[in-house]
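The values are calculated or read from the model by the stated rules, or taken from the named source; none is laboratory data. Everything quoted here is computed from the prediction, not taken from an experiment. Cβ atoms come from the backbone with ideal geometry, glycine included; neighbour counts cover every protein chain shown. Quick note on the areas: whole protein, heavy atoms, side chains included, nothing else; ligands and nucleic acids left out. Shrake-Rupley method; radii C 1.70, N 1.55, O 1.52, S 1.80 Å.
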Amino acid sequence: QVQLVESGGGLVQPGGSLRLSCAASGFIFSIYTMGWYRQAPGKQRELVASITSGGITNYADSVKGRFTTSRDNAKNTVDLQMNSLKPEDTAVYYCKVDHLGKRYWGQGTQVTVSS
C-alpha cells in the first residue's frame, strides 16, 4: 500500500533552516509528481512546492527563493530545504501523491518558527 512518512520538522528561530524529508513506498515513485503542503492552525491546507517526475519544480509565491524541493528516485525520497524561515512558516507540513485516482498524505511533521 502507498505510504508516505515525513521527517525533519522541529523548532527553529526566525532566519534559520530546516530540511524535511518524505520517504515513499508502495508505488513507482519515479513516475509521480510529489507535493509538499502545509497547514497552519485555523487555516486551510496549502500547496508549498511540487516536483514532477522529471524534476520540474513549482513553488508558492510565499516561499519562492527560500524553499527548494528535490527528489532522489533511487531512494524514493523527496526533500524540502527551507531557508530564511519566518514565523508565518509555522505549520504542519505534509507530503502528498496522487496515485491511481486517489490522494495520499503522510502523517505530517510540525515546523515551528519562533524565537
Surface/4 estimate of mean projected area, convex hull on alpha-carbon atoms of region 1-107, nm²: 6.6 nm²
Pairwise FRET efficiency - Leu11 versus Thr33, Cβ, R0 = 25 Å, nearest 0.05: 0.25
Nearest-10 value in Å² for the accessible area of Ile28, using the 1.4 Å probe: 110 Å²
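Take the Cα radius of gyration of region 45-110 and divide it by 2.2 N^0.38 Å, with N its residue count; two decimals is plenty.
Cα-based Rg divided by the globular estimate yields 1.14.
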Alpha-carbon Debye profile of region 1-62, log10 I(q)/I(0) at 0.18, 0.28 Å⁻¹: -0.84, -1.33
All aspartates and glutamates inside 20 Å of Lys75 as judged from Cα atoms, apart from same-chain residues fewer than 8 positions distant: Glu6, Asp98
